[in-house]
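K.L.:
One structure, as structure tokens, below. Some questions next.
Laboratory data are not the source of any read-out in this text; all were calculated from the coordinates shown. Bear in mind that the values here come from a model prediction, so they are computed numbers and not experimental data. When we count neighbours, we look across all protein chains shown, and the Cβ atoms used for this are built from the backbone with ideal geometry, even at glycine.
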Amino acid sequence: MTYRAGFVSFVGRPNVGKSTLMNALVGEKVAITSSKPQTTRHAIRGILHREDGQLVIVDTPGIHRPRTLLGQRLNDLVQSTLADVDVIALCIPATDTVGPGDRYIAKSLESFGRARKIALVTKTDVATSTQIAERLLEVSELGEWESIIPVSGITGEQLDIVVRELISLMPESEPLYPSEDSTEQTLEVRIGELIREATLEGVSDELPHSIAVTIDEMGDREDGLLQIFANVWVERDSQKGIIIGKGGQKLKGIGQEARVGIEKLLDRRVYLALQVKVSKEWQRDPKKLDKLGL
């Protein structure tokens, strides 16, 4: 049996289901998901193991027109990632008509000549059969694809076909990661992302891009709990008030939601302490972005 291994990157506009699809393929939560666009801020590697191959899935931020230094850095991250992968998978949701953003991204993929390209029509679980058929036709006209596959990361429909196709497009290779690895992210990064995910879901629409999370300290307590002290960063005092909420209730709810996710990840009980801090205009300040790991 020929063993194949390599790197695939999911690309597309923000909020087209890339992170959900990656988590479904890997079989565990390695990337946070949110209904808010531009949730992903790192090139997150999830690792899928099969008898005949290994896929290293690189989930990237959604490509968008940047308005801040952070936005530009995220776009630059996508470009550098795509230059190194074996396969690029363009994701377009079945529920949305192909638009200028999709066409721009599809055209830009032509500059990455070494990578083979497939297209994935995502979110088929919430689309009608007519929408799916229309999207498959539209996507076929966007470029030259090795294959076009409708798929749902939520229900798992056609995931096995996606895996087979991706492995078949990879070069012959020994495994790139040990069989027990599912991601190369550190625990600290994964915990910070779970806190950010809970914050994104707990606040109103105007805040997502203004939220960052850092971990101050992690360590064992005498009672056996892992204690985590973390900071939620925003850009303005008014945003701080929104996250804390009346009498601190909003922040308390965010902390409870994040703790559930962290305890599930670590399989142990956790004490989580959150502080909300203001760093004015951090999305536009290179030194502040560096400090926040962005």
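K.L.:
Listing ILE195, ILE154 from the residue with the fewest other Cβ atoms within 10 Å to the one with the most, what is the order?
P.N.:
ILE154, ILE195
K.L.:
Using the Kirkwood radius built from alpha carbon pairs, what does the Stokes-Einstein equation give as D for the range 93-160 at 20 °C and 1.002 mPa s, in µm² per second?
P.N.:
In µm²/s, the coefficient is 172.
K.L.:
I'd like the Karplus ³J(HN,Hα) series for the range 17-23: coefficients 6.51, -1.76, 1.60, θ = phi - 60°, whole numbers in Hz, and an x wherever there's a Gly or Pro.
P.N.:
Calculated HN-Hα couplings, in order: x, 5, 5, 4, 5, 4, 4 Hz.
K.L.:
Oh, and also: With unit charges on the beta carbons (Lys and Arg positive, Asp and Glu negative) and the dipole taken about the Cα centre of the range 187-291, which residue among GLY255, SER279, ILE191 sits farthest to the positive side?
P.N.:
Towards the positive end, the residue furthest out is SER279.
K.L.:
Counting other Cβ atoms within 10 Å, keep those with at most 14, restrict to DSSP loop, and tell me which trypsin sites (Lys or Arg not before Pro) in the range 171-240 are left.
P.N.:
Of the trypsin sites (Lys or Arg not before Pro), the ones in loops of the range 171-240 whose Cβ has at most 14 other Cβ atoms within 10 Å are ARG221, ARG236.
K.L.:
In terms of the Cα gyration tensor, with a ≥ b ≥ c the square roots of its eigenvalues, is the range 172-257 rounded because a/c is under 1.5, prolate because a/b exceeds b/c, or oblate?
P.N.:
oblate
K.L.:
Among DSSP beta bridges lying fully in the range 187-291, give the percent that are antiparallel, nearest 5.
P.N.:
45
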